[in-house]
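The values are calculated or read from the model by the stated rules, or taken from the named source; none is laboratory data. Everything numeric in this text was worked out from a predicted model, so none of it was measured. When we count neighbours, we look across all protein chains shown, and the Cβ atoms used for this are built from the backbone with ideal geometry, even at glycine. The protein model used for the area step is the full one, side chains on, heavy atoms only, and it has no ligands, DNA or RNA in it. Shrake-Rupley method; radii C 1.70, N 1.55, O 1.52, S 1.80 Å.
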Amino acid sequence: MDLLEYQGKQLFARHGVAVPQGRLAVSVDEALAAADDIGYPCVIKAQVQIGGRGKAGGIKVANDRDEARAHAQAILGMDIRGLTVHELWIEEASEIAAEYYASVVFDRSAKAPLLMLSTKGGMDIEEVAAEDPHAIARLHVDPLLGFQDFHGRRLAFVAGVDDDVVRQIGGMLAKLYEVFVAEEATLVEVNPLIVTPGAQDGAGRGVRALDAKVTLDDNAMFRHPDNAQLRDISAEDPQERMAKERGLTFVKLDGDIGILGNGAGLVMSTLDVVAEAGGSPANFLDAGGGSKAEAITSAVEVILSNPKVKAVLFNIFGGITRCDEVARGLIEAFHQVNPQVPFVVRLDGTNDKEGRALLAEAKLPNVHTEATMDDAARRVVELAAASSNGNAA
Ligand code: GDP
Ligand code: MN
(Lines give C-alpha, C1' and ligand atoms only; values in the text may rest on other atoms or scores of the structure.)
(Ligands and ions follow the chains in the order given, each with its own letter.)
Protein backbone atom coordinates (compact mmCIF):
# COMPACT_ATOMS: atom_id res chain seq x y z
CA MET A 1 0.00 0.00 0.00
CA ASP A 2 1.40 3.37 -1.06
CA LEU A 3 0.99 6.31 1.29
CA LEU A 4 0.42 9.90 0.34
CA GLU A 5 3.26 12.31 1.15
CA TYR A 6 1.56 13.72 4.23
CA GLN A 7 0.78 10.28 5.61
CA GLY A 8 4.41 9.30 5.15
CA LYS A 9 5.50 12.47 6.93
CA GLN A 10 3.17 11.74 9.82
CA LEU A 11 4.80 8.32 10.21
CA PHE A 12 8.21 10.01 9.99
CA ALA A 13 7.30 12.48 12.71
CA ARG A 14 6.22 9.64 14.98
CA HIS A 15 9.71 8.16 14.68
CA GLY A 16 11.54 11.44 15.19
CA VAL A 17 12.43 12.18 11.55
CA ALA A 18 12.51 15.98 11.13
CA VAL A 19 9.72 17.18 8.81
CA PRO A 20 8.21 20.63 8.21
CA GLN A 21 5.01 21.48 10.11
CA GLY A 22 1.95 21.05 7.97
CA ARG A 23 -1.83 20.67 7.78
CA LEU A 24 -4.22 18.88 5.47
CA ALA A 25 -6.92 20.76 3.50
CA VAL A 26 -9.65 19.54 1.17
CA SER A 27 -11.07 22.93 0.15
CA VAL A 28 -9.76 26.40 -0.66
CA ASP A 29 -11.17 27.74 2.63
CA GLU A 30 -9.46 25.03 4.63
CA ALA A 31 -6.25 25.68 2.74
CA LEU A 32 -6.43 29.39 3.62
CA ALA A 33 -7.11 28.67 7.27
CA ALA A 34 -4.16 26.27 7.35
CA ALA A 35 -1.89 28.76 5.56
CA ASP A 36 -2.87 31.59 7.94
CA ASP A 37 -2.15 29.30 10.85
CA ILE A 38 1.22 28.13 9.54
CA GLY A 39 2.26 31.59 8.35
CA TYR A 40 3.85 32.85 5.14
CA PRO A 41 5.67 31.85 3.06
CA CYS A 42 4.13 28.39 2.97
CA VAL A 43 4.03 25.64 0.38
CA ILE A 44 0.83 24.21 -1.14
CA LYS A 45 1.37 20.60 -2.16
CA ALA A 46 -0.96 18.34 -4.17
CA GLN A 47 -1.49 14.99 -2.45
CA VAL A 48 -1.60 12.31 -5.13
CA GLN A 49 0.23 9.02 -5.28
CA ILE A 50 2.58 9.95 -8.07
CA GLY A 51 6.01 11.57 -8.29
CA GLY A 52 6.90 14.63 -10.33
CA ARG A 53 4.19 16.79 -8.79
CA GLY A 54 6.57 19.74 -8.72
CA LYS A 55 7.15 19.64 -12.48
CA ALA A 56 3.41 19.20 -13.11
CA GLY A 57 2.61 22.43 -11.23
CA GLY A 58 1.23 20.64 -8.17
CA ILE A 59 3.64 22.28 -5.70
CA LYS A 60 3.69 26.06 -5.22
CA VAL A 61 5.11 28.49 -2.71
CA ALA A 62 2.64 31.11 -1.42
CA ASN A 63 4.10 34.35 -0.05
CA ASP A 64 0.80 35.74 1.15
CA ARG A 65 -2.89 35.00 1.51
CA ASP A 66 -3.78 35.96 -2.08
CA GLU A 67 -1.14 33.67 -3.49
CA ALA A 68 -2.28 30.87 -1.18
CA ARG A 69 -5.84 31.26 -2.47
CA ALA A 70 -4.75 31.32 -6.11
CA HIS A 71 -2.52 28.25 -5.72
CA ALA A 72 -5.11 26.27 -3.74
CA GLN A 73 -7.74 27.04 -6.39
CA ALA A 74 -5.41 26.02 -9.18
CA ILE A 75 -4.17 22.80 -7.59
CA LEU A 76 -7.42 21.42 -6.14
CA GLY A 77 -9.10 19.40 -8.88
CA MET A 78 -5.97 19.49 -11.02
CA ASP A 79 -5.20 16.36 -13.00
CA ILE A 80 -1.67 15.07 -12.46
CA ARG A 81 -0.90 12.26 -14.90
CA GLY A 82 -4.40 10.83 -14.60
CA LEU A 83 -4.92 11.43 -10.88
CA THR A 84 -7.26 14.14 -9.63
CA VAL A 85 -6.11 16.22 -6.67
CA HIS A 86 -8.65 16.07 -3.82
CA GLU A 87 -6.31 16.91 -0.94
CA LEU A 88 -3.70 19.58 -0.27
CA TRP A 89 -0.91 19.54 2.25
CA ILE A 90 -0.08 23.03 3.45
CA GLU A 91 3.37 23.23 4.88
CA GLU A 92 5.76 25.83 6.29
CA ALA A 93 8.22 26.75 3.53
CA SER A 94 11.73 25.46 3.90
CA GLU A 95 14.94 27.20 2.93
CA ILE A 96 17.07 24.87 0.90
CA ALA A 97 20.90 24.87 0.91
CA ALA A 98 21.21 21.42 -0.67
CA GLU A 99 18.90 18.63 -1.86
CA TYR A 100 19.94 15.04 -1.12
CA TYR A 101 18.26 11.69 -1.69
CA ALA A 102 17.86 8.89 0.86
CA SER A 103 15.97 5.63 0.77
CA VAL A 104 15.55 2.25 2.40
CA VAL A 105 14.18 -0.45 0.15
CA PHE A 106 13.83 -4.18 0.58
CA ASP A 107 16.31 -5.89 -1.74
CA ARG A 108 14.81 -9.32 -2.31
CA SER A 109 17.80 -10.78 -4.13
CA ALA A 110 20.06 -9.92 -1.18
CA LYS A 111 17.33 -10.81 1.35
CA ALA A 112 18.19 -7.59 3.20
CA PRO A 113 17.20 -3.94 3.38
CA LEU A 114 19.26 -1.69 1.13
CA LEU A 115 20.14 1.87 2.16
CA MET A 116 20.81 4.44 -0.54
CA LEU A 117 22.11 7.97 -0.24
CA SER A 118 22.96 10.56 -2.86
CA THR A 119 23.81 14.24 -2.91
CA LYS A 120 21.94 14.50 -6.22
CA GLY A 121 18.49 14.84 -4.73
CA GLY A 122 15.47 16.75 -5.90
CA MET A 123 15.54 15.18 -9.34
CA ASP A 124 14.35 11.88 -10.68
CA ILE A 125 16.59 9.29 -9.01
CA GLU A 126 16.17 6.83 -11.91
CA GLU A 127 17.76 9.49 -14.13
CA VAL A 128 20.64 9.92 -11.69
CA ALA A 129 21.11 6.15 -11.57
CA ALA A 130 21.22 5.96 -15.36
CA GLU A 131 23.57 8.90 -15.91
CA ASP A 132 25.90 8.56 -12.97
CA PRO A 133 25.44 5.34 -10.97
CA HIS A 134 28.39 6.24 -8.71
CA ALA A 135 26.44 9.24 -7.47
CA ILE A 136 24.31 6.87 -5.39
CA ALA A 137 25.97 5.22 -2.39
CA ARG A 138 24.47 1.85 -1.46
CA LEU A 139 24.80 -0.37 1.58
CA HIS A 140 22.93 -3.46 2.75
CA VAL A 141 21.94 -3.76 6.38
CA ASP A 142 22.04 -7.14 8.08
CA PRO A 143 18.44 -7.44 9.25
CA LEU A 144 19.48 -9.24 12.43
CA LEU A 145 22.09 -6.69 13.48
CA GLY A 146 20.04 -3.71 12.33
CA PHE A 147 21.30 -0.23 11.58
CA GLN A 148 24.71 0.63 13.02
CA ASP A 149 26.29 4.07 13.28
CA PHE A 150 29.05 3.11 10.86
CA HIS A 151 26.42 2.51 8.15
CA GLY A 152 25.56 6.20 8.26
CA ARG A 153 29.18 7.36 8.28
CA ARG A 154 30.12 5.02 5.43
CA LEU A 155 27.19 6.11 3.24
CA ALA A 156 27.77 9.79 3.95
CA PHE A 157 31.47 9.42 3.06
CA VAL A 158 30.85 7.49 -0.18
CA ALA A 159 28.03 9.83 -1.26
CA GLY A 160 30.20 12.89 -0.53
CA VAL A 161 27.90 14.58 1.97
CA ASP A 162 29.16 17.92 3.36
CA ASP A 163 31.21 17.36 6.54
CA ASP A 164 29.12 19.54 8.81
CA VAL A 165 25.95 17.47 8.28
CA VAL A 166 27.41 13.94 8.30
CA ARG A 167 26.28 13.24 11.87
CA GLN A 168 22.77 14.54 11.21
CA ILE A 169 22.45 12.57 7.98
CA GLY A 170 23.54 9.46 9.87
CA GLY A 171 20.90 10.18 12.51
CA MET A 172 18.24 10.67 9.83
CA LEU A 173 19.17 7.37 8.13
CA ALA A 174 18.95 5.55 11.47
CA LYS A 175 15.44 6.90 11.97
CA LEU A 176 14.34 6.13 8.42
CA TYR A 177 15.56 2.58 8.97
CA GLU A 178 13.52 2.49 12.17
CA VAL A 179 10.43 3.60 10.22
CA PHE A 180 11.12 0.88 7.65
CA VAL A 181 11.35 -1.88 10.24
CA ALA A 182 8.78 -0.73 12.80
CA GLU A 183 6.07 0.05 10.23
CA GLU A 184 6.93 -2.98 8.05
CA ALA A 185 7.52 -0.94 4.92
CA THR A 186 8.98 -2.20 1.66
CA LEU A 187 10.07 1.30 0.65
CA VAL A 188 10.90 4.50 2.51
CA GLU A 189 12.16 7.23 0.21
CA VAL A 190 12.99 10.86 0.89
CA ASN A 191 13.59 13.02 -2.18
CA PRO A 192 14.62 15.64 -1.45
CA LEU A 193 16.15 15.27 1.95
CA ILE A 194 17.20 18.88 2.42
CA VAL A 195 20.03 20.66 4.16
CA THR A 196 18.74 23.94 5.59
CA PRO A 197 21.05 26.96 5.64
CA GLY A 198 22.63 28.03 8.94
CA ALA A 199 21.04 30.92 10.80
CA GLN A 200 22.46 34.45 11.17
CA ASP A 201 22.94 33.86 14.86
CA GLY A 202 25.51 31.18 14.09
CA ALA A 203 23.24 28.17 14.59
CA GLY A 204 24.42 25.39 12.30
CA ARG A 205 22.79 23.84 9.29
CA GLY A 206 20.08 21.24 9.74
CA VAL A 207 18.48 18.40 7.76
CA ARG A 208 14.82 17.53 7.19
CA ALA A 209 12.65 15.35 4.98
CA LEU A 210 10.90 17.57 2.43
CA ASP A 211 9.10 14.74 0.63
CA ALA A 212 8.06 11.25 1.71
CA LYS A 213 7.29 8.16 -0.32
CA VAL A 214 6.37 5.15 1.77
CA THR A 215 5.07 1.76 0.68
CA LEU A 216 3.78 -0.50 3.44
CA ASP A 217 3.73 -4.28 3.20
CA ASP A 218 0.08 -5.30 2.66
CA ASN A 219 0.77 -8.75 4.07
CA ALA A 220 1.86 -7.23 7.39
CA MET A 221 -1.05 -4.78 7.61
CA PHE A 222 -2.94 -6.94 10.10
CA ARG A 223 -0.27 -6.03 12.63
CA HIS A 224 -0.79 -2.30 11.98
CA PRO A 225 -4.49 -1.50 12.23
CA ASP A 226 -3.73 2.24 12.42
CA ASN A 227 -1.84 2.14 9.15
CA ALA A 228 -4.54 0.07 7.45
CA GLN A 229 -6.85 3.06 7.87
CA LEU A 230 -4.53 5.20 5.76
CA ARG A 231 -5.63 3.44 2.59
CA ASP A 232 -6.46 6.06 -0.01
CA ILE A 233 -10.00 4.96 -0.76
CA SER A 234 -10.51 7.62 -3.41
CA ALA A 235 -7.56 6.33 -5.45
CA GLU A 236 -8.89 2.79 -5.53
CA ASP A 237 -11.24 1.54 -8.16
CA PRO A 238 -14.54 0.63 -6.43
CA GLN A 239 -14.73 -2.71 -8.26
CA GLU A 240 -11.16 -3.61 -7.24
CA ARG A 241 -11.94 -2.61 -3.67
CA MET A 242 -15.05 -4.84 -3.69
CA ALA A 243 -12.95 -7.76 -5.00
CA LYS A 244 -10.25 -7.15 -2.39
CA GLU A 245 -12.81 -7.12 0.41
CA ARG A 246 -14.03 -10.50 -0.84
CA GLY A 247 -10.52 -11.93 -0.98
CA LEU A 248 -10.54 -12.41 -4.77
CA THR A 249 -7.54 -11.97 -7.03
CA PHE A 250 -8.92 -9.42 -9.44
CA VAL A 251 -7.53 -6.91 -11.89
CA LYS A 252 -9.80 -4.57 -13.81
CA LEU A 253 -9.19 -4.33 -17.56
CA ASP A 254 -10.91 -2.06 -20.04
CA GLY A 255 -12.85 -4.49 -22.24
CA ASP A 256 -16.43 -5.80 -22.08
CA ILE A 257 -16.09 -9.57 -21.54
CA GLY A 258 -16.12 -10.65 -17.90
CA ILE A 259 -13.69 -13.49 -17.16
CA LEU A 260 -13.63 -16.03 -14.38
CA GLY A 261 -11.19 -18.92 -14.14
CA ASN A 262 -9.39 -20.92 -11.54
CA GLY A 263 -5.62 -20.62 -11.30
CA ALA A 264 -3.68 -17.56 -12.43
CA GLY A 265 -2.12 -19.37 -15.40
CA LEU A 266 -5.45 -20.53 -16.75
CA VAL A 267 -6.97 -17.08 -16.35
CA MET A 268 -4.02 -15.50 -18.17
CA SER A 269 -4.39 -17.91 -21.08
CA THR A 270 -8.14 -17.29 -21.10
CA LEU A 271 -7.45 -13.57 -21.55
CA ASP A 272 -5.13 -14.43 -24.46
CA VAL A 273 -7.60 -16.76 -26.13
CA VAL A 274 -10.41 -14.20 -25.85
CA ALA A 275 -8.16 -11.53 -27.35
CA GLU A 276 -7.16 -13.97 -30.10
CA ALA A 277 -10.86 -14.49 -30.90
CA GLY A 278 -11.21 -10.72 -31.32
CA GLY A 279 -12.70 -9.92 -27.91
CA SER A 280 -11.61 -7.63 -25.14
CA PRO A 281 -11.59 -8.87 -21.52
CA ALA A 282 -13.11 -6.67 -18.79
CA ASN A 283 -11.10 -8.22 -15.99
CA PHE A 284 -8.74 -10.85 -14.68
CA LEU A 285 -10.37 -12.89 -11.95
CA ASP A 286 -8.82 -15.96 -10.38
CA ALA A 287 -11.37 -17.70 -8.20
CA GLY A 288 -8.54 -19.82 -6.79
CA GLY A 289 -8.12 -23.54 -6.28
CA GLY A 290 -10.85 -25.43 -4.47
CA SER A 291 -13.41 -22.66 -4.88
CA LYS A 292 -16.69 -23.35 -3.16
CA ALA A 293 -20.07 -22.35 -4.55
CA GLU A 294 -20.19 -19.29 -2.28
CA ALA A 295 -16.91 -17.90 -3.66
CA ILE A 296 -18.21 -18.31 -7.22
CA THR A 297 -21.44 -16.46 -6.42
CA SER A 298 -19.44 -13.68 -4.82
CA ALA A 299 -17.12 -13.49 -7.85
CA VAL A 300 -20.05 -13.24 -10.27
CA GLU A 301 -21.33 -10.24 -8.31
CA VAL A 302 -17.95 -8.55 -8.64
CA ILE A 303 -17.76 -9.22 -12.40
CA LEU A 304 -21.29 -7.90 -12.99
CA SER A 305 -20.70 -4.77 -10.91
CA ASN A 306 -18.89 -3.44 -13.99
CA PRO A 307 -21.66 -1.96 -16.20
CA LYS A 308 -19.50 -2.38 -19.32
CA VAL A 309 -19.68 -6.17 -19.15
CA LYS A 310 -21.71 -7.58 -22.08
CA ALA A 311 -20.96 -11.28 -21.68
CA VAL A 312 -19.15 -13.50 -19.20
CA LEU A 313 -16.83 -16.43 -19.76
CA PHE A 314 -16.30 -19.11 -17.11
CA ASN A 315 -13.26 -21.21 -17.83
CA ILE A 316 -12.79 -23.87 -15.18
CA PHE A 317 -10.32 -26.67 -15.18
CA GLY A 318 -11.27 -28.90 -12.30
CA GLY A 319 -8.37 -30.23 -10.28
CA ILE A 320 -8.85 -29.47 -6.61
CA THR A 321 -11.73 -27.30 -7.75
CA ARG A 322 -14.81 -29.40 -8.38
CA CYS A 323 -16.85 -28.45 -11.42
CA ASP A 324 -20.13 -29.30 -9.67
CA GLU A 325 -19.28 -26.74 -6.92
CA VAL A 326 -18.67 -24.13 -9.61
CA ALA A 327 -21.97 -24.98 -11.28
CA ARG A 328 -23.77 -24.70 -7.94
CA GLY A 329 -22.16 -21.30 -7.37
CA LEU A 330 -23.25 -20.08 -10.78
CA ILE A 331 -26.82 -21.28 -10.25
CA GLU A 332 -26.93 -19.54 -6.87
CA ALA A 333 -25.54 -16.36 -8.46
CA PHE A 334 -28.37 -16.43 -11.02
CA HIS A 335 -30.91 -16.64 -8.20
CA GLN A 336 -29.28 -13.78 -6.32
CA VAL A 337 -28.31 -11.31 -9.02
CA ASN A 338 -30.38 -12.31 -12.06
CA PRO A 339 -27.76 -11.42 -14.69
CA GLN A 340 -28.91 -9.65 -17.84
CA VAL A 341 -25.98 -10.80 -19.96
CA PRO A 342 -25.11 -14.15 -21.55
CA PHE A 343 -22.71 -16.58 -19.87
CA VAL A 344 -20.48 -19.07 -21.63
CA VAL A 345 -19.27 -21.91 -19.45
CA ARG A 346 -16.52 -24.37 -20.10
CA LEU A 347 -16.14 -26.99 -17.40
CA ASP A 348 -13.43 -29.59 -17.70
CA GLY A 349 -11.82 -31.93 -15.16
CA THR A 350 -12.99 -33.11 -11.74
CA ASN A 351 -16.77 -33.70 -11.69
CA ASP A 352 -17.30 -31.93 -15.02
CA LYS A 353 -20.16 -34.24 -16.03
CA GLU A 354 -21.95 -33.56 -12.75
CA GLY A 355 -21.41 -29.85 -13.22
CA ARG A 356 -22.80 -29.81 -16.73
CA ALA A 357 -25.76 -31.92 -15.61
CA LEU A 358 -26.55 -29.45 -12.82
CA LEU A 359 -26.45 -26.56 -15.29
CA ALA A 360 -28.68 -28.40 -17.79
CA GLU A 361 -31.16 -29.21 -15.03
CA ALA A 362 -31.24 -25.62 -13.75
CA LYS A 363 -32.17 -24.33 -17.23
CA LEU A 364 -30.57 -20.98 -16.58
CA PRO A 365 -31.54 -18.41 -19.16
CA ASN A 366 -28.77 -17.42 -21.52
CA VAL A 367 -26.12 -19.86 -20.30
CA HIS A 368 -24.17 -21.65 -23.00
CA THR A 369 -21.82 -24.53 -22.38
CA GLU A 370 -18.84 -25.24 -24.61
CA ALA A 371 -16.42 -28.15 -24.51
CA THR A 372 -13.17 -26.42 -25.36
CA MET A 373 -11.51 -23.18 -24.39
CA ASP A 374 -11.24 -22.01 -28.02
CA ASP A 375 -14.93 -22.67 -28.74
CA ALA A 376 -15.90 -20.96 -25.49
CA ALA A 377 -13.81 -17.89 -26.36
CA ARG A 378 -15.28 -17.63 -29.87
CA ARG A 379 -18.80 -18.00 -28.50
CA VAL A 380 -18.44 -15.37 -25.82
CA VAL A 381 -16.96 -12.90 -28.31
CA GLU A 382 -19.95 -13.45 -30.66
CA LEU A 383 -22.43 -13.03 -27.83
CA ALA A 384 -20.76 -9.85 -26.58
CA ALA A 385 -20.79 -8.40 -30.09
CA ALA A 386 -24.47 -9.28 -30.51
CA SER A 387 -25.59 -7.64 -27.27
CA SER A 388 -25.54 -3.90 -27.75
CA ASN A 389 -25.94 -3.01 -24.10
CA GLY A 390 -23.88 -3.74 -21.04
CA ASN A 391 -25.49 -5.33 -18.00
CA ALA A 392 -26.48 -1.90 -16.69
CA ALA A 393 -29.32 -1.85 -19.23
P1 GDP B 1 7.64 15.74 -6.20
O2 GDP B 1 7.90 16.66 -7.35
O3 GDP B 1 6.31 15.05 -6.35
O4 GDP B 1 8.76 14.79 -5.94
O5 GDP B 1 7.47 16.66 -4.89
P6 GDP B 1 8.55 17.21 -3.82
O7 GDP B 1 7.87 17.25 -2.51
O8 GDP B 1 9.80 16.43 -3.90
O9 GDP B 1 8.80 18.70 -4.27
C10 GDP B 1 9.42 19.00 -5.51
C11 GDP B 1 10.35 20.17 -5.37
O12 GDP B 1 9.66 21.31 -4.91
C13 GDP B 1 11.46 19.95 -4.35
O14 GDP B 1 12.56 19.22 -4.88
C15 GDP B 1 11.83 21.36 -3.98
O16 GDP B 1 12.78 21.86 -4.89
C17 GDP B 1 10.53 22.12 -4.17
N18 GDP B 1 9.95 22.42 -2.84
C19 GDP B 1 9.10 21.67 -2.11
N20 GDP B 1 8.85 22.24 -0.91
C21 GDP B 1 9.59 23.38 -0.88
C22 GDP B 1 9.83 24.40 0.12
O23 GDP B 1 9.30 24.39 1.22
N24 GDP B 1 10.64 25.41 -0.23
C25 GDP B 1 11.27 25.47 -1.45
N26 GDP B 1 12.06 26.49 -1.71
N27 GDP B 1 11.09 24.53 -2.38
C28 GDP B 1 10.28 23.51 -2.11
MN1 MN C 1 10.03 14.37 -4.42
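Determine the relative contact order of region 20-168: mean sequence separation of Cα pairs under 8 Å and six or more apart, normalised by residue count, in whole percent.
Values: 247 pairs, mean separation 29.6, N = 149.
Here the relative contact order equals 20 percent.
What is the ratio of the Cα radius of gyration of region 146-293 to 2.2 N^0.38 Å, with N the residue count, to two decimals?
Details: Rg = 23.6 Å, N = 148, 2.2 N^0.38 = 14.7 Å.
So region 146-293 has a normalised radius of gyration of 1.61.
Given region 290-343, report the % of alpha carbon pairs whose separation exceeds 15 Å.
Values: 609 of 1431 pairs.
The answer is 43 percent, as a whole percent.
Given a Förster distance of 22 angstrom, what is the FRET efficiency for Arg14 paired with Glu92, based on the Cβ-Cβ distance and rounded to 0.05?
With R0 = 22 Å, the Cβ-Cβ based efficiency is 0.75.
Relative to the compact globular guide of 2.2 N^0.38 Å, what is the alpha carbon radius of gyration of region 67-224, as a ratio?
1.15
Based on alpha-carbon atoms only, what is the radius of gyration of region 1-149 relative to the globular estimate 2.2 N^0.38 Å?
On the way: Rg = 17.5 Å, N = 149, 2.2 N^0.38 = 14.7 Å.
Compared with the compact-globule rule of thumb, region 1-149 sits at 1.19.
How far apart, in nm, are two points set 7 Å out from the Cα along the Cα-to-Cβ line at Arg154 and at His134?
For the pair Arg154/His134, the computed spacing is 2.0 nm.
Check which residues have an amide H placed less than 5 Å from Thr249's amide H, if you skip close sequence neighbours.
Those lying under 5 Å, H to H, from Thr249 are Asp286.
Run the simple label-point estimate for Ala112 and Arg241 please: 7 Å along Cα→C-beta, distance reported in nm.
Label-label distance for Ala112 and Arg241, simple model: 4.1 nm.
Send over the Kirkwood Rh of the chain, from the inverse of the averaged 1/r over different Cα pairs, rounded to one decimal Å.
The answer is 24.3 Å.
With viscosity set to 1.002 mPa s and temperature to 20 °C, compute the Stokes-Einstein D of region 72-143, Rh being the Kirkwood radius across alpha carbon pairs; µm²/s, no decimals.
The calculation lands on 141 µm²/s.
Just subtract the alpha-carbon distance of Ala362 and Leu145 from 0.36 nm times their residue separation and send over the number in nm, one decimal.
71.8 nm
Using the heavy atoms of the protein chains and a 1.4 angstrom probe, tell me the accessible area per residue for region 240-393 in square angstrom.
45
Taking the Cα centre of the chain as origin, work out the dipole magnitude from +1 charges on Lys and Arg Cβ and -1 charges on Asp and Glu Cβ, in debye rounded to 20.
520
Which aspartates and glutamates have a Cα less than 16 Å from the Cα of Lys252, not counting those fewer than 8 places away in the same chain?
Here the aspartates and glutamates satisfying the reach criterion relative to Lys252 are Glu236, Asp237, Glu240, Asp272, Asp286, Glu301.
Which order do the peptides 4-17, 309-322, 153-166 take when ranked by the mean count of other beta-carbon atoms within 10 Å per residue, highest first?
Values: 4-17: 20.5, 309-322: 23.4, 153-166: 16.8.
Listed from highest to lowest mean packing, they are 309-322, 4-17, 153-166.
Can you give me the long-range amide H partners of Ala311? Hydrogens built in the peptide plane at 1.01 Å from N, cutoff under 5 Å, separation of 5 or more residues or another chain.
For Ala311, whose amide H was placed from the backbone, the distant partners under 5 Å are Gly258.
What is the extension gain from Gln229 to Ala203, computed as 0.36 nm multiplied by their sequence separation minus the C-alpha to C-alpha distance, in nm to one decimal?
Net length gain for the segment: 5.4 nm.
In nm, to one decimal, how far is the Val61 label point from the Asp37 one, both placed 7 Å along Cα→Cβ?
Each label point lies 7 Å from its Cα, and together they span 2.4 nm.
Quick one: Cα convex hull volume of region 288-387, Å³ per residue?
84
Once the Cβ-Cβ distance between Asp29 and Asp79 is put in as r, and R0 is 22 Å, what FRET efficiency do you end up with, to the nearest 0.05?
0.50
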